[in-house]
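Here the structure is laid out as structure tokens; the discussion comes afterwards.
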Ligand SMILES: Cc1cc2nc3c(=O)[nH]c(=O)nc-3n(C[C@H](O)[C@H](O)[C@H](O)COP(=O)(O)O)c2cc1C
Ligand SMILES: Nc1ncnc2c1ncn2[C@@H]1O[C@H](COP(=O)(O)OP(=O)(O)OP(=O)(O)O)[C@@H](O)[C@H]1O
């Protein structure tokens, strides 16, 4: 996917005509996927390039830096996912104070300068300073295809509901919303070596991006993807209260049937099912007994999403 950086108050003259969907697309959930498919389809019918217009940063992170606003994906994951559904060109609007101050009317002028044949937007899409613009305003000024919202269990699928579900540990609901397992990637860092030396369960400690949503503290059934291969895993997010309690939240995975040195390597951790809360055990032996049960739960689990 080709990426064009766009800044507020600059003039652009784009020649390549596109059909472009618009929005932030955090999580690239099933609603976004539907919108993207409609965009790709319409572009194909018209013989034009399928494109997307999105923001470089979550507006609330820029406008309220003191608030701890997290996202489902970082920008690389978001753009990679958008591209994977067939979008070939991306207008990446650099979101800063200047962009936040662009009025809805001026935002439409900016869109017009990008040589867009048709804009594709969900019916609740809003834009411009203080979110004052909506799709009714947009369609008066530009050809706009408005897409009805995709729902799950009678509720609109949205990035906000996905973040709330992750914070409650409802990773199965999140998988249904995304048609993928929720995934975090990061590099493997050194832990305290307790897992391998005292428990018989070595764990890969993952250094995660602090701006990404961590699911609720607890133990999960999941998978690890390493060098293109997928492995079953049991994952813990927590403070390790039984041995060497940590003040920060660690993310660690015991990968089943795996025996390689992966310090410093990058891997992806996927969350399939919340298993239990993290508990302070009275002894190392009790923790080991619990881990024996957890590993059995992973072996008994049927993964429903096959493709990564
Ligand atoms: C699947 C899994 C479940 C865990 N559950 C608990 C738990 O309930 N309570 C706890 O104190 N530690 C729990 N741990 C954390 C272990 O105590 C931790 O892996 C150990 O301290 C090793 O840390 P290290 O990698 O820094 O050596 C769990 C770890 C994993 C991988
Ligand atoms: N469930 C959905 N079905 C169809 N289109 C959607 C759905 N959710 C969002 N869209 C559309 O996809 C584009 C990108 O959505 P955007 O990321 O801005 O919103 P969102 O997923 O609803 O997130 P938030 O919860 O932060 O509002 C917008 O045009 C939006 O209207």
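The values are calculated or read from the model by the stated rules, or taken from the named source; none is laboratory data. No experiment lies behind these values; they were computed from the predicted model shown. Positions of Cβ are backbone-derived with ideal geometry, glycine not excepted, and every protein chain shown enters the neighbour counts.
Would it be correct to say that residue 210 is away from ligand 1 (no atom under 13 Å from the Cβ) and modelled with pLDDT of 95 or more?
Judged against the criteria, residue 210 is not a match.
Quick check, is residue 239 over 19 Å from the mean Cα position of the chain (by Cα) and in contact (Cβ under 8 Å) with a residue 40 or more places away in the chain?
Details: over 19 Å from the mean Cα position of the chain (by Cα): yes; in contact (Cβ under 8 Å) with a residue 40 or more places away in the chain: no.
Here the answer is no, as residue 239 does not meet what is asked.
Residues that are farther than 16 Å from residue 125 by Cβ, within 13 Å of ligand 2 (Cβ to nearest atom) and free of Cβ contacts under 8 Å to residues at least 60 places away in the same chain do not occur anywhere in region 9-17. Looking across region 191-208 at every residue that is touching a strand residue (DSSP E or B) at 6+ places or on another chain (Cβ under 7 Å) and in a loop (DSSP other than H, G, I, E, B), the one that is nearest to residue 73 (Cα to Cα) is identified as 208.
Take region 180-190 and flag every residue that is more than 14 Å from ligand 1 (Cβ to nearest atom) and in contact with a strand residue (DSSP E or B) (Cβ under 7 Å, 6 or more places away or on another chain).
So the first thing to find is which residues in region 180-190 are more than 14 Å from ligand 1 (Cβ to nearest atom), and the list is 180-187.
Once the filter is applied, which keeps residues that are more than 14 Å from ligand 1 (Cβ to nearest atom) and in contact with a strand residue (DSSP E or B) (Cβ under 7 Å, 6 or more places away or on another chain), region 180-190 yields 181, 182, 183, 184, 185, 186, 187.
Residues in region 6-51 that are in contact with a strand residue (DSSP E or B) (Cβ under 6 Å, 6 or more places away or on another chain) and under 18 Å from residue 128 (Cα atoms): 6 in all.
If the condition is being without any contact (Cβ under 8 Å) to a residue 60 or more places away in the chain and assigned by TED's automatic domain parsing to the domain that holds residue 238, then region 170-204 contributes 192, 193, 194, 195, 196, 197, 202, 203.
For residues that are part of a strand (DSSP E or B) and out of contact with any strand residue (DSSP E or B) (no Cβ under 6 Å at 6 or more places or on another chain), tally how many sit in region 233-249. Give the steps one after another, and end with the answer.
Looking only at region 233-249, we keep the residues that are part of a strand (DSSP E or B), and these are 233-238.
Narrowing the set further to residues that are out of contact with any strand residue (DSSP E or B) (no Cβ under 6 Å at 6 or more places or on another chain) leaves 238.
Number of matching residues: 1.
Among residues of region 243-267 being surrounded by 18 or more Cβ atoms within 10 Å (Cβ to Cβ) and more than 9 Å from ligand 1 (Cβ to nearest atom), the one that is farthest from the chain's Cα centre (by Cα) is 255. Just one of the numbered conditions (1) within 13 Å of ligand 2 (Cβ to nearest atom); (2) surrounded by fewer than 20 Cβ atoms within 10 Å (Cβ to Cβ); (3) more than 25 Å from the chain's Cα centre (by Cα) is not true of residue 106: (1).
Picking from 38, 61, 45, which residue would you name as being without any contact (Cβ under 8 Å) to a residue 40 or more places away in the chain and in a helix (DSSP H, G or I)?
Values: 38 fails: without any contact (Cβ under 8 Å) to a residue 40 or more places away in the chain; 61 fails: without any contact (Cβ under 8 Å) to a residue 40 or more places away in the chain.
The unique qualifying residue is 45.
Can you find a residue that is under 30 Å from residue 61 (Cα atoms), more than 10 Å from ligand 1 (Cβ to nearest atom) and under 21 Å from the mean Cα position of the chain (by Cα) anywhere in region 274-282? Looking through region 274-282, at least one residue is under 30 Å from residue 61 (Cα atoms), more than 10 Å from ligand 1 (Cβ to nearest atom) and under 21 Å from the mean Cα position of the chain (by Cα).
The set of residues in region 213-230 that are closer than 30 Å to residue 161 by Cβ, free of Cβ contacts under 8 Å to residues at least 60 places away in the same chain and in a strand (DSSP E or B) comprises 220, 222, 224.
Checking each residue in region 109-132 for being touching a helix residue (DSSP H, G or I) at 6+ places or on another chain (Cβ under 7 Å) and crowded, with 20+ Cβ neighbours inside 10 Å picks out 119, 120, 121, 122, 125, 127, 128.
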